[in-house]
1. Hey, can you tell me all the residues within the stretch 6-63 that are in a helix (DSSP H, G or I) and among the charged types (D, E, K, R)?
2. Taking Leu69, is it open to solvent by 70 Å² or more (accessible area, probe 1.4 Å) and not in a helix (DSSP H, G or I)?
3. Do we find that Val141 is under 12 Å from the mean Cα position of the chain (by Cα), open to solvent by 50 Å² or more (accessible area, probe 1.4 Å) and without any contact (Cβ under 8 Å) to a residue 24 or more places away in the chain in this structure?
4. Just to verify a result, which residue in the stretch 78-125, among those that are closer than 19 Å to Trp26 by Cα and of a type in the set (S, T, N, Q), is most open to solvent (accessible area, probe 1.4 Å)?
5. Give the residue that is nearest to the chain's Cα centre (by Cα), with candidates limited to residues of the stretch 105-131 that are assigned to a helix (DSSP H, G or I) and touching a residue at least 60 places away in the same chain (Cβ under 8 Å).
6. Quick check, is Phe131 at pLDDT 80 or above, among the aromatic types (Phe, Trp, Tyr), open to solvent by 20 Å² or more (accessible area, probe 1.4 Å) and more than 28 Å from Leu9 (Cβ to Cβ)?
7. Given the criterion farther than 18 Å from Gly147 by Cα, at pLDDT 85 or above and exposed (fewer than 15 other Cβ atoms within 10 Å of the Cβ), identify the matching residue among Leu36, Leu46, Leu18.
8. Quick one: Phe158 ticks every box in (1) in contact (Cβ under 8 Å) with a residue 24 or more places away in the chain; (2) of a type outside the set (D, E, K, R); (3) loosely packed, with under 12 Cβ neighbours inside 10 Å bar one, so which box is it?
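The values are calculated or read from the model by the stated rules, or taken from the named source; none is laboratory data. It should be emphasised that the depicted structure is a prediction, and the values quoted were computed from it without experimental measurement. Every residue, glycine as well, gets a Cβ built from its backbone with ideal geometry; the counts of neighbours run over all protein chains shown. We work out accessible area using only protein heavy atoms, side chains counted, and drop any ligands, DNA or RNA first. Shrake-Rupley method; radii C 1.70, N 1.55, O 1.52, S 1.80 Å.
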Amino acid sequence: MPFIPHQSLYKNLVGVNLYISEGDVWRLLTPMFIHLNFAHFFYNTLSIVIMGPLIESILGKCKFALLYLLSGLAGNSATFIFLPLTYTHAGSSGAIFGLLGCFILFVLKKKFYVSKQNQVILLLILGISAFMTIFETDINVTAHTAGLFTGLLCGWLFLKSK
């Protein structure tokens, strides 16, 4: 957004593994809210707009927010642990993959009714996301994978608690 001083925000909030190792631990959380460009922001926002209401209606607001934050944090933490100190990362893809993972588990366990139309929409998002993860450059596969597994784990825990 042109009216927001985006360069200083970006420099102070983006995930930089070197800075995290030097104590900037907030950079494990803040990259979920920073995007590299409008296309990146648009795709992540579209994914949340399509999936969010359905998953939130199943989980409730608190569990939805917890799932989103834990998945994003897991993705950024895995990025810090497994990728070089020179690696820089931004975006909410780890959190989005967490939403996908949780929803996939719910559909597979058939614990919640999900219309065929919503299943098709979410499978489409999953397919596009998987395609982009594999074939697009500058995609953080580590964050996607960690977010997905965190979503599966959270989904399993949420089902156990019901």
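1. Lys11, Arg27, Glu56, Lys61, Lys63
2. In short, no.
3. Considered against the rule, which asks whether it is under 12 Å from the mean Cα position of the chain (by Cα), open to solvent by 50 Å² or more (accessible area, probe 1.4 Å) and without any contact (Cβ under 8 Å) to a residue 24 or more places away in the chain, Val141 comes out as yes.
4. This residue is Thr86.
5. Here the answer is Ser129.
6. Yes.
7. Within the list Leu36, Leu46, Leu18, the selection yields Leu18.
8. (3)
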